[in-house]
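First the structure, in the form of structure tokens, and then the observations on it.
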Amino acid sequence: MSSRIEQLIDEIEEYIENCKPKFMSNTEIIVNKEEIDELLRELRMKTPDEIKRYQKIISNKEAILQDARDKADALIEEATVHTNELISEHEIMRQAYDQANEVVTMATAQAQEILDNATNEANAVRTAAMQYMDDMLEHLEKVIDATTRSANSNYENLISSMNQYRDIIVSNRQELHPAEEDLETVILDDAEDGDDVIS
């Protein structure tokens with residue numbers, strides 16, 4: 001079963017795929033800021049919960065190791081009790097000693113095997129959990145980078161368009177209000193042609 005973070009990443013990808021392309025562009029899209037912000041906000045809220053869940057899995061390593069230690073201690077204690085019972089029998093002391101050593105050796109080997117298996121299992125769980133979180137965060141980083149690049153490109157295009165419109169407006173205003181020296185030239189030309197000049 002996929003986590004909520006994976007679902008959110010899928011929703012963000014699906015949302016980006018369904019966005020309308022920008023006019024006259026094959027690489028740029030138009031996004032609804034509120035919708036993408038809502039998806040990213042939920043993603044930020046869910047990420048700590050997912051990390052805590054995997055930290056809890058990792059913390060179970062200590063519980064597994066402690067259980068293995070308890071089992072090992074119980075085996076050794078049982079072997080020690082059995083050894084003491086055998087040794088207490090004076091007429092079979094040597095046989096009891098040999099048997100006790102064998103039992104202790106077997107118990108120690110079993111305890112070590114339990115500890116080794118528990119350590120390997122805990123390390124495997126920890127490695128898998130860390131790899132899974134790293135893969136998800138890497139994927140999320142790529143999605144956010146792509147969205148950021150698209151937003152920056154859209155913003156730069158908007159500023160460029162606004163500057164072009166501003167230049168056109170300035171040019172139009174200059175045409176409506178010619179410079180004063182141009183007006184004086186027109187008046188002097190009219191005077192030289194015999195027209196009255198009002199001073």
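No lab work stands behind these numbers, since they all come straight from the coordinates. Keep in mind the model is a prediction, meaning the values are calculated, not measured. When we count neighbours, we look across all protein chains shown, and the Cβ atoms used for this are built from the backbone with ideal geometry, even at glycine.
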Collect residues whose amide H, placed 1.01 Å from N in the peptide plane, falls under 5 Å from the amide H of I29; neighbours closer than 5 in sequence don't count. K22
Radius of gyration and maximum dimension Dmax of region 4-192, Cα, Å: 39.0, 150
State the extension gain, in nm to one decimal, for the chain segment bounded by T148 and T127, taking 0.36 nm per residue of separation less the distance between their alpha-carbons. 4.4 nm
In whole Hz, with x marking every Gly and Pro, tabulate ³J(HN,Hα) for region 145-159 from phi via Karplus 6.51 cos²θ - 1.76 cosθ + 1.60, θ = phi - 60°. 4, 5, 5, 5, 4, 5, 5, 5, 5, 4, 5, 5, 5, 4, 4
Sites H177 and E42, calculated FRET efficiency, Cβ-Cβ separation with R0 45 Å, nearest 0.05: 0.25
Quick one: 3J(HN,Hα) in Hz for region 23-31, Karplus 6.51/-1.76/1.60 with θ = phi - 60°, rounded, Gly and Pro as x. 4, 6, 9, 9, 10, 10, 10, 9, 10
Taking R0 as 35 Å and r as the Cβ-Cβ distance between L137 and E85, the FRET efficiency 1/(1 + (r/R0)^6), rounded to the nearest 0.05, comes to 0.05
In nm, to one decimal, how far is the modelled label at K56 from the one at I159, with both set 7 Å along Cα→Cβ? 4.7 nm
